[in-house]
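Data first, discussion second: the structure below is written as structure tokens.
Computed from the coordinates by the stated procedures, all read-outs in this text should not be read as laboratory data. Everything numeric here is computed off the predicted structure, so don't read it as measured data. Note: ideal-geometry Cβ built from the backbone for every residue, glycine included; neighbour counts use all protein chains shown.
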Amino acid sequence: MTKSKLFSLLIILIFGITKLIAQPVPANDENIPFLVTFSKDAGTKWGDDDYCQTFFFSIPKDFKNPIYIRIFDPEIGGKHDEINGEFNSNTKYSVYGGNGCITVDDARNVDPIGNFRSGNLLASKIFDNKSTYDNNWYTFGPFNPSEGEYSAQYGGYIFKVICEGIKGDDGNLYRYYLSTSSDKNVPVEGGNAFTFEYTFRLHSENGQVSHIYPFIDEKVISIIQYNFDWDNDGYIKLISAINPGEFLKTSSENKWAESKYEIKSGERGKSIDIQFKKAANTSGVNNNNVVFYVRNQYGQQLPFFTIPIGGVPKPRGQITVKPLPTGKR
């Protein structure tokens with residue numbers, strides 16, 4: 001059996017053992033208030049480097065019922081969104097399935113370039129600041145699970161949702177839900193969601209901790225984490241099954257920062273926990289948006305599953321938290 005087949009089998013087994021139940025995206029355990037996508041005329045200092053965010057939804061192979069992809073607060077001009085002068089923006093959401101939805105390399109790229117809209121376009125809608133969906137839900141679907149692209153590596157039939165800020169300069173804050181119902185949130189047993197680059201809103205309250213969970217497969221030797229526009233707003237820390245805490249280098253306003261982490265044998269085949277903590281006694285940054293992604297030693301982006309594969313890592317034993325050496329990148 002080849003290494004790629006072994007990896008796919010491992011993913012299938014882990015998905016089956018954990019009996020995943022799809023949750024809101026971001027999931028409850030992530031403690032992330034909203035996803036964020038700014039429109040294309042906003043400056044990157046607002047915390048979005050490319051005005052586009054892609055999420056994938058996985059449906060188990062044996063799930064036969066119709067599914068729906070729901071969006072909370074998809075419009076851009078109401079209660080939750082971030083105004084830049086006056087609300088003048090449009091946001092486009094598009095759902096893709098079919099051949100190439102995820103297997104095309106550009107679909108997994110952290111930058112919206114090339115053929116990142118790969119696959120079959122199943123549905124799309126543009127929202128403005130006059131929408132009736134302020135603080136409410138909009139539903140795409142129904143979709144037959146087989147309309148997605150099947151990938152054993154990512155847990156079943158895959159659908160892709162791309163959110164693009166196509167006009168204006170405001171920030172759209174929103175959430176997703178993978179549901180079996182068109183008008184309420186009913187979880188898909190065995191479903192999950194993931195992305196390769198997370199752009200999200202941090203809590204404003206001091207001491208809040210948000211989490212994202214990169215999956216570390218058996219081939220990963222080291223990773224490099226990249227974060228954008230952290231605004232020096234607290235700290236970012238990595239936790240794994242064998243490491244209860246290592247600080248990662250953080251970025252200042254409108255800047256990128258990166259740092260490398262060597263993967264240990266006990267961390268492979270599991271998820272790690274990247275924690276974003278807003279520390280007390282900071283400069284009082286509010287409405288902070290941050291971009292985050294991870295690459296392995298080959299330069300490949302790693303997926304963040306909203307429900308971590310293998311469960312939330314719980315460190316064994318106590319190891320002193322090791323701060324990042326000054327100047328290390």
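Side notes on the structure shown:
- Computed lengthening from residue 253 to residue 182, 0.36 nm per intervening residue step minus Cα-Cα distance: 21.6 nm
- Ascending count of other beta-carbon atoms within 10 Å, so fewest first, for 147, 205, 253: 205, 253, 147
- Computed extension gain for residue 279 through residue 120, at 0.36 nm per residue and net of the alpha carbon distance, reaches 52.8 nm.
- GNM flexibility winner over the chain from 219, 237, 40 (Cα, springs under 10 Å): 219
- Averaging the sequence gap over all C-alpha pairs within less than 8 Å and six or more residues apart, then dividing by the number of residues, gives the chain a relative contact order of 25 percent.
- Proxy reagent accessibility, fewest Cβ within 10 Å first, across 30, 246: 246, 30
- Dividing the summed helix terms, -39500 (n - 2.57) for each DSSP H run of n ≥ 4, by the number of residues in the chain produces a 222 nm estimate of -1500 deg cm²/dmol to the nearest 500.
- Around residue 143: net Lys/Arg minus Asp/Glu count, Cβ-Cβ under 14 Å: +1
- Separation of the alpha carbons by more than 20 angstrom is noted, of 64/125; 45/167; 40/125; 125/167; 61/160, for 64/125.
- Each 10 Å bin, from zero up to the one with the longest distance, holds this percent of the alpha carbon pairs of the chain: 6, 27, 37, 24, 7, 0.
- With contacts taken as Cα pairs under 8 Å and at least 6 residues apart, the range 38-156 reaches a relative contact order of 37 percent.
- Taking other C-beta atoms within 10 Å as the exposure proxy, 103, 199 rank 103, 199 from fewest upward.
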